[in-house]
Amino acid sequence: MIRTIRRHHSHRRRSSHSGRRSAGLVLTLAAALALTACGSGPSTTNAAAVIGDRTIALDDVQDEIQWLLDNAPQAQQAQQQRSVGQISREIVRSRVVHELLAIAERRENLRVDEDKVDALIDATGGMDAAARNIAVEPSRVREVARDQVLLEELGRVAQDRVTVRFVGAMVTESSVEATDSETARELGRRIAADPGNVETIVRESGHQVIDQRVSLADAVVQDPELAISAVFGAEEGSVIVIQPSQQQVGWLVALIEERTVQPGDEQQQARQAQQVNPQLLYWVGLRQLQPIADELGVEINPRFGVWDSAGLAPAPTEDEVSGYQWESRTVQP
């Protein structure tokens, strides 16, 4: 059985904290990660994407798109509906995630149980069936399955290690002059320009100050949507503007005052991991790729749109990104 997760908000639905591993591969159509576009380095002229000094070949992406149009029902339906762009952007997104995860695998010394990878592929019907169902070419099925297992492991490792403190406000109101999104972005820019006065700026804007310190372990149990949001991925000193919940309206504007990563306790991680749905661990792990993305920078070929700095996915236009992130003056050179 294959669990399909549609871009870009559905992945924020609250997940159960217990449950068995999914029987099949997850089609990950967008997560809530923040990436910073790279302003220099390799060109995207002949690349679908550039991650630091790594490139994803444009020809490889185009070949995969063609294979899907010839073989995958999802892609064929998208072509009939004139929405092939969404499939193309997902291919680029998944390849970017693979590159970021390869770095995390080395840095965190992650280990993959290849038997689990085999089991995922078998449960999905084998290589050919999985390729058609999850919309990747056959040569990438094992890569996608392995990435799924790796991301669950990264989530397991990270959940007991990360703690953040953030200060900001929830913006829910719209007016004749500005939508709630526009109001939130303006507040975010003001905070980024003067982070030392974040509380004063929030109060002057007429909003209630939010000042929270929360561990990832607690958020996974108490507020899974927060756990997989940019709150736990943005670098210390960043200002984020995101919609943290599918259950409530409004935009969270937050300065990440502190972000600490402690050495992990393997026994405690194992105990907690037993209580967390593997799908949620997957999204937790995905969010933990954000610091690597911010460090290296990510740039997308314009034919695939623009890079969504809060969604780890190309968006069709600047007006369709899922959130915003700025470095505050505290971290600028």
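List of remarks:
- Some residue of region 77-94 being without any contact (Cβ under 8 Å) to a residue 40 or more places away in the chain and buried (at least 16 other Cβ atoms within 10 Å of the Cβ): yes
- Output for region 188-241, where each listed residue is in contact with a Phe, Trp or Tyr (Cβ under 9 Å, 6 or more places away or on another chain) and open to solvent by 70 Å² or more (accessible area, probe 1.4 Å): 189, 211, 212, 213
- Answer from 112, 136 - the residue that is assigned to a loop (DSSP other than H, G, I, E, B) and surrounded by fewer than 17 Cβ atoms within 10 Å (Cβ to Cβ): 112
- Looking only at residues of region 312-331 that are of a type outside the set (A, V, I, L, M, F, W, C), assigned to a loop (DSSP other than H, G, I, E, B) and touching a helix residue (DSSP H, G or I) at 6+ places or on another chain (Cβ under 9 Å), we find that the one that is least open to solvent (accessible area, probe 1.4 Å) is 328.
- Residue within region 216-225 that is part of a loop (DSSP other than H, G, I, E, B), under 27 Å from residue 288 (Cα atoms) and charged (D, E, K, R) present: yes
- Residue selected from region 154-180 under the condition of a type outside the set (A, V, I, L, M) and more than 25 Å from residue 236 (Cβ to Cβ), by the criterion least open to solvent (accessible area, probe 1.4 Å): 180
- Of the residues making up region 316-333, just one is of a type in the set (A, V, I, L, M) and either more than 28 Å from residue 198 (Cβ to Cβ) or more than 15 Å from the chain's Cα centre (by Cα) (or both), namely 331.
The values are calculated or read from the model by the stated rules, or taken from the named source; none is laboratory data. Keep in mind that what you see is a predicted model, and the values were worked out from it rather than measured. Using ideal geometry, Cβ is built from the backbone for each residue, glycine included, and neighbour counts are taken over all protein chains shown. To get the accessible areas, we keep the full protein, side chains included, count just its heavy atoms, and leave off ligands, DNA and RNA. Shrake-Rupley method; radii C 1.70, N 1.55, O 1.52, S 1.80 Å.
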